[in-house]
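Enquirer: Below is one structure. I have some questions about it.
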């Protein structure tokens, strides 16, 4: 038997949306593995063993798979329910070679579901952790499925034909192409798995009693009244709404909507599995939010659902809505009738979900509740290819798999706007949040969302305003805003708001001013302007090419009925569908919130409209920006760093001495100013004279993190006497460095989080770094453009580009250092903290003057290339 344990189980989606458990081989699996081979067709066995195997050969193969897991032998199987449907393994001849020979076998009836690809993905990840960088194998030329699996898994797969056999090889080391391929497979599987949830052909509401006002009764009523297009069943103990049990249903059912007491939910899931259910919405409370017993109940519920291949929304949720006319699913107890639109919504809070439903037209809505199974990551994958969804709005209280979220939401953002509200940014907010234990550091979350191009509204109202602007409207080509109004005071407010939100209000050319009514931008037409004059001014500016966005502000007066103003503007904007536009109508008395066929949003205040336009401009700017690439870095020696890191961890890890820190940084080409480590005053003087005055003396104690705060640094020492005095003050363990002046002080470093991964930091440095709090962060992986944007985002960036005639710093060298830090962090999650402060940037390059490094062992962390569902654990 292998060393695999139950906690090594990874639930994953097959290409048809089914759920399989990928795990090591366990003692109880012997009869299942034997059945896998004895139940196979002769042709399948021939393709695997190159001839018809004897019973002894099959027994020997099963025995091989049961060998203990080691650096030489790995085996993984795929189980669906109680059945083993596939197995993969690899062997290497010794502990040092980075190559291992692999094999994969999948049951005949389960081929074509992507099981072999899943097994190889997980085997490759496990092999990678064992130091295996390449998997090789022999395949018969007719085994097209196996050849395709190898090619799909790695962009660097190779094959070579000879002697009637195809030798194949694939790397276990991930790259951008491999990540893209994994994401394509993941999106297809996610979409298939959510089909029964979002587009079911039949729904059963369990707990749909006769009592009006009960959750089950009202949900069944809403499904009927909204016009669900499929078969609809009511199930209650009394049978008054249709059936007493799911077992009594006359036909198979796709989706269960469950509104029964918490302890009754699991039996309903089991009955639903017998009835063919593939998805369930658990409206019931009493699970993860309800103490230890509730958390245990939720864990068992998810395990049961996964065992039967059922995707689960909730528990403790508001429900699910799909406004598609072919489905018309309102499986929720939210008030009101859902409005159809282009916004996909996922919310962890039912109350926030209700507010979004009240203000927006949606394509699909999912109240995530406790997020035990289906999460924002699943829906992001679904919305990626959903033609009905033009933009996405997320309300998040926690991240289940932030590394996957970062990658998938960034890919979605390149296609569609994504807006997100993340709660728990303050101490009070974190205490109030339902998922406080999973709250992430605010700065890390900010960096994740900024890198992914996510629009960050300032609150719920701002989110609704921005979503209306970003759903189905053209994106602005720049930040130039033109304002047309019949109310001068509101023009001024709009212009002030534009400047506050990073937009410009450019002057118009004389010709455009004449056509627009004679006033400059913002254009004030006066209170007596007719609807025709307002429309003509808007058309003149729209046609001029002198603005990227148009805001029309109109005040309804006795002379101008709101409807007439809206009609005039609608005609102008419908004729110019590529212009980003918004309108403000004051005192509109409930007049429509959209203009014309293109549904231009109408707001009640100029500040709200400007803020929404600014969100659109910022998102459009991010979307136009190239993603960049991950460049090859010369003079990088991970092997040399690995030796130093392993020795450090063997010594207990923690804060590292200067020499070991420098060895690791040198291995990645990160420039650190040389320092002499001395233990006597005379040695300090000798080192100072070799370096050349002035020099710096500082404590070599690795545990002393803030040396300057405790007298552990002495600057500007210009002679031997000063060095001796400084040595006596600091202690017996001292570093001596030449002092460098006249450069910009920065701070750079790495911080590691077990869930989010490593973050690279750059900021204003020196002793005031915490006070200034001028920093930019990036999560891994980093591109060359990420490195460039990091220093440009700093408030102190002008100091690097020649502020007031000073020489500009070598920003190329700074970007190179940041990329090397990113590579170090990527290769060594054991780098718990690295603080380079100060980093001196000048015309001649970039050098770190001081470095603090803390190393810590890492446990099993999420693998970016591993497809798996969220763990079925209590929150």
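The values are calculated or read from the model by the stated rules, or taken from the named source; none is laboratory data. Since the model is a prediction, treat every value here as computed from it, not as a measurement. No Cβ is skipped: glycine too gets one built from the backbone with ideal geometry, and neighbour counts run over all protein chains shown.
Enquirer: Can you find a residue in region 219-237 that is in contact with a helix residue (DSSP H, G or I) (Cβ under 6 Å, 6 or more places away or on another chain) and assigned to a loop (DSSP other than H, G, I, E, B)?
Expert: No: zero hits.
Enquirer: How many of the residues in region 191-217 are part of a helix (DSSP H, G or I), over 16 Å from residue 319 (Cα atoms) and in contact with a helix residue (DSSP H, G or I) (Cβ under 8 Å, 6 or more places away or on another chain)?
Expert: Counting residues in region 191-217 that are part of a helix (DSSP H, G or I), over 16 Å from residue 319 (Cα atoms) and in contact with a helix residue (DSSP H, G or I) (Cβ under 8 Å, 6 or more places away or on another chain) gives 2.
Enquirer: Looking at 826, 863, which is the one that is modelled with pLDDT under 95, outside any helix (DSSP H, G or I) and surrounded by fewer than 20 Cβ atoms within 10 Å (Cβ to Cβ)?
Expert: Testing whether each residue is modelled with pLDDT under 95, outside any helix (DSSP H, G or I) and surrounded by fewer than 20 Cβ atoms within 10 Å (Cβ to Cβ) leaves just 863.
Enquirer: Filter region 708-723 down to residues that are surrounded by 18 or more Cβ atoms within 10 Å (Cβ to Cβ) and over 44 Å from the mean Cα position of the chain (by Cα) and give me whichever is farthest from residue 688 (Cα to Cα).
Expert: Restricting to residues being surrounded by 18 or more Cβ atoms within 10 Å (Cβ to Cβ) and over 44 Å from the mean Cα position of the chain (by Cα), the top hit is 714.
Here's the yes/no breakdown for (1) more than 28 Å from the chain's Cα centre (by Cα); (2) farther than 23 Å from residue 462 by Cβ; (3) at pLDDT below 90:
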residue: 558; (1), (2), (3): yes, yes, yes
residue: 568; (1), (2), (3): yes, yes, yes
residue: 577; (1), (2), (3): yes, yes, no
residue: 594; (1), (2), (3): yes, no, yes
residue: 605; (1), (2), (3): yes, no, no
residue: 618; (1), (2), (3): no, no, no
residue: 623; (1), (2), (3): no, no, no
residue: 629; (1), (2), (3): no, yes, no
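Enquirer: Residue 715: under 26 Å from residue 809 (Cα atoms) and in the same structural domain as residue 805 (by TED's automatic domain parsing), yes or no?
Expert: no
Enquirer: Test residue 569 against the stated conditions and say whether it is surrounded by 24 or more Cβ atoms within 10 Å (Cβ to Cβ), part of a helix (DSSP H, G or I) and touching a residue at least 24 places away in the same chain (Cβ under 8 Å).
Expert: Yes: the conditions hold for residue 569.
Enquirer: Anything in region 777-812 that is in contact (Cβ under 8 Å) with a residue 60 or more places away in the chain, outside any helix (DSSP H, G or I) and under 29 Å from the mean Cα position of the chain (by Cα)? List them, or say none.
Expert: Residues satisfying the conditions are 777, 778, 779, 781, 782, 783.
Enquirer: Quick one: is residue 188 part of a loop (DSSP other than H, G, I, E, B) and under 30 Å from residue 229 (Cβ atoms)?
Expert: Answer is no for this residue.
Enquirer: Restricting attention to region 479-514, report how many residues are more than 28 Å from residue 560 (Cα to Cα) and either touching a strand residue (DSSP E or B) at 6+ places or on another chain (Cβ under 6 Å) or not assigned by TED's automatic domain parsing to the domain that holds residue 553 (or both).
Expert: Final tally of qualifying residues: 5.
Enquirer: Within region 598-615, is there a residue that is buried (at least 17 other Cβ atoms within 10 Å of the Cβ) and closer than 30 Å to residue 815 by Cβ?
Expert: For region 598-615, residues buried (at least 17 other Cβ atoms within 10 Å of the Cβ) and closer than 30 Å to residue 815 by Cβ: present.
Enquirer: Please determine whether any residue of region 488-501 is within 15 Å of residue 541 (Cα to Cα) and buried (at least 17 other Cβ atoms within 10 Å of the Cβ).
Expert: Looking for residues that are within 15 Å of residue 541 (Cα to Cα) and buried (at least 17 other Cβ atoms within 10 Å of the Cβ), one finds none in region 488-501, hence no.
Per-residue answers, yes or no, for (1) crowded, with 17+ Cβ neighbours inside 10 Å; (2) assigned to a helix (DSSP H, G or I); (3) free of Cβ contacts under 8 Å to residues at least 40 places away in the same chain; (4) under 48 Å from the mean Cα position of the chain (by Cα):
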position	(1), (2), (3), (4)
649	no, yes, no, yes
666	no, yes, yes, yes
686	no, yes, yes, no
689	no, yes, yes, no
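For (1) at pLDDT 95 or above; (2) more than 13 Å from residue 665 (Cα to Cα); (3) crowded, with 19+ Cβ neighbours inside 10 Å, each residue gets a yes or a no:
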position: 806; (1), (2), (3): no, yes, no
position: 811; (1), (2), (3): yes, yes, no
position: 818; (1), (2), (3): yes, no, yes
position: 822; (1), (2), (3): yes, no, yes
position: 834; (1), (2), (3): yes, no, yes
position: 838; (1), (2), (3): no, yes, yes
position: 846; (1), (2), (3): yes, yes, yes
position: 849; (1), (2), (3): no, no, yes
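Enquirer: Still on this structure: Determine, yes or no, whether residue 249 is out of contact with any helix residue (DSSP H, G or I) (no Cβ under 7 Å at 6 or more places or on another chain), modelled with pLDDT of 95 or more and in the same structural domain as residue 311 (by TED's automatic domain parsing).
Expert: For residue 249, the condition - out of contact with any helix residue (DSSP H, G or I) (no Cβ under 7 Å at 6 or more places or on another chain), modelled with pLDDT of 95 or more and in the same structural domain as residue 311 (by TED's automatic domain parsing) - is met.
Enquirer: I need the full set of residues from region 738-756 which are farther than 30 Å from residue 689 by Cα and part of a loop (DSSP other than H, G, I, E, B), in order please.
Expert: 754, 755, 756
Enquirer: If you go through region 719-733 one residue at a time, do you hit one that is assigned by TED's automatic domain parsing to the domain that holds residue 694, farther than 30 Å from residue 631 by Cα, in a loop (DSSP other than H, G, I, E, B) and at pLDDT 95 or above?
Expert: yes
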